[in-house]
Amino acid sequence: MSGVLKMKKLYTGKTKDVYALDNGNVMLKFKDDCTGKDGVFDPGENTVGLTIDGIGKANLETSIHYFELLKEAGIKTHYVSANLDDATMEVLPATVFGHGLEVICRLVATGSFIRRYGEYIEDGTVLEGGYVECTFKNDEKGDPLVTGEGLAALGVMSPEMFESMKSQTLAITKIVADDLKTLGLDLWDIKFEFGYNNDEVILIDEIASGNMRVYKDGKIVDPVELTKIINNR
């Protein structure tokens, strides 16, 4: 931990702090702070609402598991290595798209998808092959949706970058969904963040339970419980 404190801090995030490494890479320090409201954990909230002892290491352990699966599958991400004892992960430096872009892959229609399109589709309908959508990270504007054409028109990313991001999203989602299936769990949707490193689009941030909507026997699984299930297999 003392080594982390000596490094140059680049950014203080809600659930992770970001440090510069001498080799040009970046170190993420996972914290026990969680987003939520009134002392209740809610990954959809935008402010830190509580601290859960050990959740930083638990989220890192989940991320390591999935990043290693992606590595085995030949999918390049920002992941380099991790130290679970220190709750740190070394990653490649990457530039975010715009002021931050979230990419959601939906396997089942629910949540905000139903709020937008409920007159056309029922909650719980399977979206064959997966449905990818993007939102700008902007709390004030309610994380507005943006299309691939919109991203190109705004100069955020080229059509080729968008297609790369979309195909990676579908491939990564399938790997996560197949893994969860072995635990008797059904992935309904998942949220990612991508950036670019040397003009290459790669997955960044983390792959944690708080970014997934997962069901077991028709009932949604609480993110903290989901983390335990994944890590204690």
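No value in this document is a laboratory result; all are computed from the given coordinates. Keep in mind it's a predicted model, so treat the numbers as computed, not measured. We place every Cβ from the backbone using ideal geometry, glycine too, and count neighbours over all the protein chains shown.
Values computed for the structure shown
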quantity: Relative contact order computed over the range 68-146 (Cα-Cα under 8 Å; 6+ residues apart), in percent; calculated: 23
quantity: For Val221, residues with placed amide H under 5 Å, excluding near neighbours; calculated: Val214, Tyr215, Lys216
quantity: Cross-link table Lys191/Lys216; Lys166/Lys228; Lys141/Lys216, entries beyond 27 Å C-alpha to C-alpha; calculated: Lys166/Lys228; Lys141/Lys216
quantity: As computed over the chain, the Cα convex hull volume per residue (Å³); calculated: 140
quantity: Residues of type aspartates and glutamates that Lys76 reaches as a straight line, Cα spacing below 16 Å, ignoring anything fewer than 8 places off in the same chain; calculated: Glu68, Glu90, Glu163, Glu193, Asp199, Glu200, Asp205, Glu206
quantity: Distant-in-sequence amide H partners of Val156 (H built 1.01 Å from N, under 5 Å); calculated: none
quantity: Cα gyration tensor shape of the range 46-162, rounded if a/c is under 1.5, else prolate or oblate by comparing a/b with b/c; calculated: prolate
quantity: Distance between modelled label sites at Ile220 and Lys181, nm, 7 Å Cα→Cβ extension; calculated: 2.4
quantity: Surrounding net charge for Gly148, when Lys and Arg each add one and Asp and Glu each subtract one, Cβ distance under 11 Å; calculated: -3
quantity: Rel. contact order, % - alpha carbon contacts under 8 angstrom, at least six apart, the chain; calculated: 17
quantity: Convex hull (Cα only) mean projected area of the range 122-179, reported in nm² to one decimal; calculated: 5.5
quantity: By average C-beta atoms within 10 angstrom, highest first, the peptides 140-147, 202-209; calculated: 202-209, 140-147
quantity: Net lengthening on full extension, Asn138/Ala20 (0.36 nm per residue, minus Cα-Cα); calculated: 39.9 nm
quantity: Choice from Asn23, Asn198, Asn59 with maximal GNM fluctuation in the chain (Cα, 10 Å cutoff); calculated: Asn23
quantity: Packing rank of 167-175, 78-86, where each peptide gets the mean count of other beta carbons within 10 Å, highest leading; calculated: 167-175, 78-86
quantity: Dipole axis of the chain (+1 Lys, Arg; -1 Asp, Glu on Cβ), positive-most option in Asn83, Gly142, Ile229; calculated: Asn83
quantity: Calculated diffusion of the range 122-229, Stokes-Einstein form, Kirkwood radius summed over Cα pairs, 4 °C and 1.567 mPa s, µm²/s; calculated: 84
quantity: Charged-residue dipole, Cβ positions (Lys, Arg, Asp, Glu), the chain about Cα centre, Debye nearest 20; calculated: 300
quantity: Alpha carbon centroid spacing (whole Å) that separates the range 82-104 from the range 158-233; calculated: 14
